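Let me begin by presenting the structure, written as structure tokens, before commenting on it.
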Amino acid sequence: MLKSKNKLSFVLATVMVLALLAGCGSNDTKGNVTSSNANKKSDKVVTIDFWSALDPSSEEGRTITKLVKEFDESRDDIDVKLQVISYDIMHDKLVAAFNAGDAPDISWGLAEWFGEFNKFDTLLDLTDYFNSWEEKDKFYGNVIDSLTIDGKLKALPNYLGIRALLYHEDTLKKAGYDAPPATWDELIAMGPVIKEKTGQEAYGIAGAGVRSPQELIMYLAQKDLVLAEQMSDGKYKNTWQDNPDQLTKAAEVFQFYQDLLSTGTIKSDAKTWGWEEEDQNFALDQYAMVVDGSWIETYGAEHPDEMADVKIAAPPYSDKAATFMEIAPLYMYKTKIDKTDATWEFAKFLLGAEYQSAVNLNEAPRTDVVSDSQWGKDFTALADSGVVFPSVSLGSITTAMQDALAKGMLKNDKPEDVAKWLSQAINDSLKKTDELSAD
Amino acid sequence: MKTMSLRERKIRRIAYWYVLPALLFFILLNAYPLLNVLWDSFHFKNLLNKSLNGFAGIDNYKEVFANEYFWSSLRNTLIWTILSVTGEYILGLISAVALNQNVRGRTFFRALVIVPWVVPIVVAGLTWDWMLSPDYGIINYWLTSMGIIDKPYYWLGEMNTALLTITFVNIWRSFPFFTITLLAGLQSVSRDVLEAAAIDGAGVRTRFFKIVLPQLKTVSLTIIFVHIIWTAINFDFIWIMSEGGPLHSSETLPIMIYRYAMQEYNFGNASALASLMLGFMLSAFIIYYFYTSRKNRA
């Protein structure tokens, strides 16, 4: 009796240990013949893992899901496994997947991750695939250039987030203005007048969060400044401290932020607003103007009255016209089993005119897909003046940019000191990631 | 020396087999990662700079100490932990004593008090975030309506209030755990002893401080210790509500570890800070252990 109990115990313990080890194992089904859609698919099917940050509750999300399903059903040789992961957690999940050797084949992503992912050496070189595609000339040249590192195309443009000045026309008229400001000085001058005549603040900014560096890089570009310049050795450096003129200009950018605050052009709380507060308050007609993307149009469905008077113009500038152009990339990754050909077929579908017209009509990276509405053509008209982040690891740099804004607006540090601090922080970050030029 | 019988030896052997999965769990999920963190803390390990690798000595620790925000994060961790646990204990004790009284609707209130604790942290954090909003939040509306403040205040957006506000929300969420545990402790306090003390002339305050509270000592110390650990290493509440901002004013050491690991990919620095934090916690508990041991001996 005891002997059989012993055996039973041994079996139980073994099962538990095996279950534990099985739980720790990877769930790698890549490259295997999949049994899903078995009645439709051929014997050898390549399964593509596709991570998307689509919003399943939105019309756009439903359209994407439908189109991907149609592609999946139209191809006997490809099975697309769509996984919806929000942008909030996508980055960390991707990094974990890279390190576990279990990256998806293709995913949505943000432009801010481009330099990091390239440094991880996880991105596929798509140059030959793209160059041999008959539709390659349909894409904006500066967009493709910004996704190219050392002559190699390392990502594809999923959609564009070009920023423009959005303004409530009625509010400006109420304050006695027929047109939005063209320059920083005009904006600062209009701020107190709009506040006095309408009771609303004139302008909105994101002082914190992921959008604040995107706005800061635009204002820096309007002063003809870049965060990190590529030097002769191929590496990067922030040169503001080496060049007094650049440092003065950078200080003027932080002075502009302080002026927005001190003149009441922006609400005091805007110094720590994230993108949610910025978008929501503009859509609710709580302030007059903001530099934002065409996605604001979607708020029109919830707040039709408040959004009815919204018009679009170029962002106010200082020395030269510039805007931030967010290029949301499609990343294709190196995986254990090479499925690049099949993944490229799927990527072509996502970049194709049919998909882009249905999903990204206002934000398409293709020159032949442009909406006639103001949310399309008025934004794409600014594409040529679009600036992007440099192709370096941005993790600490964007954090430093947010800190610099907080130092300027929360601690009220001198603009010159903030500019110097940011310049040093950028170079410290580049040094840590071995991207700092010795020049 | 007593020798084990054959049956006892067999039973012991079976016991070893049953312990094996737990042991494997411990080795795989606790011991190995912990040792790995300690090992990494003495090595260069930056995913964005693979050219720099090998033994780092104490360089990672030096970099952590030199970080502009290390000391403020350490101070924030202490403030966050001490205020949270103190607030939770005081509120938990008051509510436990109240719910231990024989009042109408006692069962209903006992069920009600648990609600904050069963709300998921993400939901609680986002809801409070919205309630504290200066533009649409109900808190600012109430405070301005009652004339307590002149105009809406951005509780999570100002450097001097962000950490304290999150601490308040954390107290709100965690005190029910103290309530329930202390309530269980209170119910084990002998009514006979309390009645005898009352007959001997002990007032309410004397009975509470001289009889009730000493009998809650063991359960109090247990939940306080557990909560010191849980609160000090808490990441999600602060991250959800402020991400450590504005300008690192609500950043604690776990948030800093996350930034090193997942924003800078500097696992050497992250491991050094994690090891330091482990060292701080261990030191505090060892000091407390020796202090109480000496006190007990005396």
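Can you name the condition, by its number, that B:ASN102 falls short on among (1) among the polar types (S, T, N, Q); (2) surrounded by 14 or more Cβ atoms within 10 Å (Cβ to Cβ); (3) over 21 Å from B:TYR258 (Cβ atoms)?
(2)
Just a yes or no: is a residue in the range A:421-439 buried (at least 18 other Cβ atoms within 10 Å of the Cβ), within 8 Å of chain B (Cβ to nearest Cβ), more than 23 Å from B:LEU52 (Cβ to Cβ) and touching a Leu at 6+ places or on another chain (Cβ under 9 Å)?
No, because not a single residue in the range A:421-439 is buried (at least 18 other Cβ atoms within 10 Å of the Cβ), within 8 Å of chain B (Cβ to nearest Cβ), more than 23 Å from B:LEU52 (Cβ to Cβ) and touching a Leu at 6+ places or on another chain (Cβ under 9 Å).
Mind listing just one residue for me: the one in the range A:282-302 that is modelled with pLDDT under 95 and over 23 Å from A:VAL210 (Cβ atoms) and, of those, surrounded by the most Cβ atoms within 10 Å (Cβ to Cβ)?
A:GLY300
Can you name the condition, by its number, that B:MET256 falls short on among (1) part of a helix (DSSP H, G or I); (2) within 14 Å of another protein chain (Cβ to nearest Cβ); (3) free of Cβ contacts under 8 Å to residues at least 40 places away in the same chain?
(3)
Quick one: A:LEU351 ticks every box in (1) touching a strand residue (DSSP E or B) at 6+ places or on another chain (Cβ under 9 Å); (2) surrounded by fewer than 16 Cβ atoms within 10 Å (Cβ to Cβ); (3) hydrophobic (A, V, I, L, M, F, W, C) except a single one, so which number is it?
(2)
Can you name the residue in the range A:270-304 that is small (Gly, Ala, Ser) and touching a strand residue (DSSP E or B) at 6+ places or on another chain (Cβ under 9 Å) and is also farthest from the other protein chains (Cβ to nearest Cβ) among such residues?
It comes out as A:SER294.
Which residue, of A:THR272, A:THR340, is at pLDDT 90 or above, of a type in the set (Val, Ile, Thr) and buried (at least 23 other Cβ atoms within 10 Å of the Cβ)?
Values: A:THR340 fails: buried (at least 23 other Cβ atoms within 10 Å of the Cβ).
Answer to the check: A:THR272.
What are the residue pairs meeting all of these: first residue in the range B:226-249, first residue within 14 Å of chain A (Cβ to nearest Cβ), second residue of a type in the set (Asp, Glu) and surrounded by fewer than 20 Cβ atoms within 10 Å (Cβ to Cβ), Cβ atoms under 9 Å, and 6 or more apart or on different chains?
Matching pairs, first to second residue: B:ILE240/B:ASP129; B:MET241/B:ASP129; B:SER242/B:ASP129; B:PRO246/B:GLU158; B:HIS248/B:GLU68; B:SER249/B:GLU158.
Can you work out which of the residues in the range A:411-434 that are out of contact with any helix residue (DSSP H, G or I) (no Cβ under 6 Å at 6 or more places or on another chain) and hydrophobic (A, V, I, L, M, F, W, C) is nearest to A:ALA250 (Cα to Cα)?
A:TRP421
Quick test for you: out of A:GLU116, A:GLU60, pick the one residue that is under 21 Å from A:MET325 (Cβ atoms) and within 14 Å of chain B (Cβ to nearest Cβ). Let's see the steps before the verdict.
On the way: A:GLU60 fails: within 14 Å of chain B (Cβ to nearest Cβ).
The unique qualifying residue is A:GLU116.
Here's a check for you: in the range B:37-66, which residue that is at pLDDT below 95 and among the polar types (S, T, N, Q) is farthest from B:MET277 (Cα to Cα)?
Looking at residues that are at pLDDT below 95 and among the polar types (S, T, N, Q), I get B:SER51.
Anything in the range B:63-101 that is more than 14 Å from chain A (Cβ to nearest Cβ), assigned to a helix (DSSP H, G or I) and without any contact (Cβ under 8 Å) to a residue 12 or more places away in the chain? List them, or say none.
Step one: of the range B:63-101, the residues more than 14 Å from chain A (Cβ to nearest Cβ) are B:65, B:70-71, B:74-101.
Add one more test, that the residue is assigned to a helix (DSSP H, G or I), and what stays is B:65, B:70-71, B:74-99.
If the condition is that a residue be more than 14 Å from chain A (Cβ to nearest Cβ), assigned to a helix (DSSP H, G or I) and without any contact (Cβ under 8 Å) to a residue 12 or more places away in the chain, then B:PHE65, B:TRP71, B:ARG75, B:LEU78, B:ILE82, B:THR86, B:ILE90, B:ILE94, B:ALA98 are the ones that fit.
Can you tell me which residue among A:GLU297, A:GLU302, A:GLU345, A:GLU306 is farther than 20 Å from A:TYR167 by Cβ and acidic (Asp, Glu)? Walk me through how you get there before you give the answer.
Numbers: A:GLU297 fails: farther than 20 Å from A:TYR167 by Cβ; A:GLU302 fails: farther than 20 Å from A:TYR167 by Cβ; A:GLU306 fails: farther than 20 Å from A:TYR167 by Cβ.
Only one candidate passes the filter, namely A:GLU345.
Of everything in the range A:346-366 that's assigned to a loop (DSSP other than H, G, I, E, B) and under 20 Å from the mean Cα position of the chain (by Cα), which residue is nearest to A:PHE71 (Cα to Cα)?
Initially, the range A:346-366 is screened for residues assigned to a loop (DSSP other than H, G, I, E, B), giving A:352, A:360-365.
Adding the requirement that they be under 20 Å from the mean Cα position of the chain (by Cα) leaves A:360-365.
Values: A:ASN360: 17, A:LEU361: 19, A:ASN362: 22, A:GLU363: 22, A:ALA364: 19, A:PRO365: 20 Å.
That would be A:ASN360.
Residue under question is A:THR323, and the condition is that it be out of contact with any Phe, Trp or Tyr (no Cβ under 6 Å at 6 or more places or on another chain), β-branched (Val, Ile, Thr) and under 22 Å from A:ASP77 (Cα atoms); does it hold?
On the way: out of contact with any Phe, Trp or Tyr (no Cβ under 6 Å at 6 or more places or on another chain): yes; β-branched (Val, Ile, Thr): yes; under 22 Å from A:ASP77 (Cα atoms): no.
So A:THR323 fails the test.
Restricting attention to the range B:34-61, and to residues there that are part of a helix (DSSP H, G or I) and surrounded by 13 or more Cβ atoms within 10 Å (Cβ to Cβ), which single residue is farthest from the other protein chains (Cβ to nearest Cβ)? So that I can check it myself, show each step before the final result.
Residues of the range B:34-61 part of a helix (DSSP H, G or I): B:34-41, B:59-61.
Okay, now just the ones that are also surrounded by 13 or more Cβ atoms within 10 Å (Cβ to Cβ), so B:34, B:37-38, B:40-41, B:59-61.
On the way: B:LEU34: 17, B:VAL37: 15, B:LEU38: 19, B:ASP40: 13, B:SER41: 17, B:ASP59: 12, B:ASN60: 12, B:TYR61: 16 Å.
Checking each candidate, the answer is B:LEU38.
Can you pull out the residues in the range B:262-285 that are hydrophobic (A, V, I, L, M, F, W, C), farther than 14 Å from B:ILE228 by Cβ and out of contact with any Leu (no Cβ under 9 Å at 6 or more places or on another chain)?
B:MET262, B:ALA270, B:ALA272
Picking from B:ILE139, B:ILE121, B:ILE148, B:ILE114, which residue would you name as being of a type outside the set (Phe, Trp, Tyr), touching a helix residue (DSSP H, G or I) at 6+ places or on another chain (Cβ under 9 Å) and surrounded by fewer than 12 Cβ atoms within 10 Å (Cβ to Cβ)? Give the steps one after another, and end with the answer.
Details: B:ILE139 fails: surrounded by fewer than 12 Cβ atoms within 10 Å (Cβ to Cβ); B:ILE121 fails: surrounded by fewer than 12 Cβ atoms within 10 Å (Cβ to Cβ); B:ILE114 fails: surrounded by fewer than 12 Cβ atoms within 10 Å (Cβ to Cβ).
Exactly one residue qualifies, and that residue is B:ILE148.
Can you find, within the range A:385-416, the residue that is nearest to the chain's Cα centre (by Cα) among those that are assigned to a helix (DSSP H, G or I) and away from chain B (no Cβ under 14 Å)?
Start the filter on the range A:385-416 by keeping residues that are assigned to a helix (DSSP H, G or I), which leaves A:385, A:395-409, A:415-416.
Okay, now just the ones that are also away from chain B (no Cβ under 14 Å), so A:385, A:415-416.
On the way: A:SER385: 17, A:PRO415: 28, A:GLU416: 29 Å.
Among those residues, the one meeting the criterion is A:SER385.
Considering only the range A:347-372, state which residues are of a type outside the set (Asp, Glu) and without any contact (Cβ under 8 Å) to a residue 12 or more places away in the chain.
Selection gives A:VAL370, A:SER371.
Determine if the range A:65-87 includes at least one residue that is within 14 Å of chain B (Cβ to nearest Cβ), farther than 16 Å from A:THR343 by Cβ and in contact (Cβ under 8 Å) with a residue 24 or more places away in the chain. Even if it seems obvious, please write down each step before you answer.
Residues of the range A:65-87 within 14 Å of chain B (Cβ to nearest Cβ): A:86.
Within this subset, residues satisfying the condition of being farther than 16 Å from A:THR343 by Cβ are A:86.
Subsequent filtering for residues that are in contact (Cβ under 8 Å) with a residue 24 or more places away in the chain retains A:86.
Yes.
Using beta carbons and a limit of 7 Å, which pairs, at least six apart or on different chains, have the first residue in the range A:392-412 and free of Cβ contacts under 8 Å to residues at least 60 places away in the same chain and the second one assigned to a helix (DSSP H, G or I) and surrounded by fewer than 22 Cβ atoms within 10 Å (Cβ to Cβ)?
As it stands, the answer is A:SER396/B:GLN263; A:THR399/B:GLN263; A:ALA400/A:ALA425; A:LYS407/A:TRP421, since those pairs meet every condition given.
One line per residue, one yes/no per condition, for (1) crowded, with 21+ Cβ neighbours inside 10 Å; (2) in the same structural domain as A:GLY376 (by TED's automatic domain parsing); (3) over 17 Å from A:THR265 (Cα atoms):
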position	(1), (2), (3)
A:THR127	no, yes, yes
A:PHE139	no, yes, yes
A:ILE144	no, yes, yes
A:ALA155	yes, yes, yes
A:LEU166	yes, no, no
A:GLY176	no, no, no
A:GLY191	yes, no, no
A:ILE194	yes, no, no
A:ALA206	yes, no, no
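The values are calculated or read from the model by the stated rules, or taken from the named source; none is laboratory data. Note that the coordinates shown come from a computational prediction; the quantities given were computed from them, not determined experimentally. Cβ: placed from backbone, ideal geometry, glycine included. Neighbour counts: every protein chain shown.
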